[in-house]
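Values quoted throughout were computed directly from the atomic coordinates according to the rules given, and no laboratory measurement underlies them. Every value quoted in this text rests on a predicted model; they were computed, and no experiment measured them. Note that we place each Cβ from the backbone using ideal geometry, even for glycine, and neighbour counts take in every protein chain shown.
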Amino acid sequence: MQDHGRAELYRLLEPRVGRLHIDQRLGVEADREHLVFGQGRNFFHLENWYSIHALIRCSLRLVGMHGRGRRNARRIDVRRNEVMLPRLPETFDGFTILQLSDMHLDMDEAFPGIVSERVRDLEYDLCVLTGDFRYLTAGPIEGALAGMRRLRANLAGEVYGILGNHDSIRMAPVLEEMGVRMLLNESVVLRRGDSRLHLAGIDDPHYYRADNFERARAGIPSNAVSLLLAHSPEVYRQAAHAGFDLMLCGHTHGGQICLPGGVPLMLNARCPRRVCRGAWRYHGMQGYTSAGTGSSVVDVRLNNRPEVTLHRLSKR
């Protein structure tokens, strides 16, 4: 499995995203390992404070919740979301998108197999991955890529992805080699007969602030139905005003550790709670924020099970 260096990244990605984007991404990646405070849309980044991860695990063990939380983290729900788009071309009526988000595939060696088993028999037309393939926010990428290779063998048809705040841009070419088309402020056209649906994706808007709506939207006609992949819901206003019909995102894990009733103790996104989990709407745009397929910081889930999501598009 090849880890592409800077010169190779220039060769593979510069025609698509530009040299400046690659340099800025790599620069922030090099700086970020010790940044618990500052950078990005949030001031505080718990995921970068590695010394507290063990403390959280020990605290959960003391109150007898760690084992239960670990079991919950492996019980992945299949959630279904109906999206009505009156302007949807007739041939795309019933088009179903499988969304996986925040998998953190190298956190648990068994987890890629668990996800594979959950999705293997699902029926869908397209799969999208909304970022955070890796567990840590810096360091090696090989474990996450190995896990993704195992999972990709169990995903049917075309797969599109975006990078999250845990991911390195060095991962993008390797993911594309295994058949995951990465959207780095880019869009593609999905075709059924003579009808078209536009799918765009932006680079991480949370920590790297590498999103570029102008580039992602370029080439999409103003009257066309368009879908956006964004790692975090924090840019929901910009997405709506850019004219997207549907935004699929993740990042928040729905809180991951919640009080009874699903009330999150903490959300790592600077936006209203109503857009931090499940289906929502802002002006004319619909959105969905996945509670995440994997776990971050600690491998537990309380009152908030992980999910894979089937979005079914319909005209009525």
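What to note about this one:
- Distances between placed amide hydrogens fall under 5 Å for Leu126 paired with Thr96, Leu98, all partners being 5 or more residues away or on another chain.
- Gyration tensor (alpha-carbon) shape descriptor, the range 214-298, a/c threshold 1.5: prolate
- Shape call, the range 107-222: gyration tensor on alpha carbons, a/c limit 1.5: oblate
- Estimated at 0.36 nm per residue, the fully extended path between His241 and Ser314 surpasses their Cα-Cα distance by 24.0 nm.
- Glu214 paired with Arg16, simple spin-label distance in nm, labels 7 Å along Cα-to-beta-carbon: 2.2 nm
- Helix-derived mean residue ellipticity, 222 nm - over the chain, DSSP H n ≥ 4, -39500 (n - 2.57), to 500: -7500 deg cm²/dmol
- Antiparallel content of DSSP bridges confined to the chain, in %, to 5: 40 percent
- Using a simple spin-label model with pseudo-atoms 7 Å out from Cα toward Cβ, Asp121 and Arg273 lie 3.7 nm apart.
- Inter-label distance for Leu26 and Arg71, nm, one decimal - labels placed 7 Å from Cα along Cα-to-Cβ: 4.8 nm
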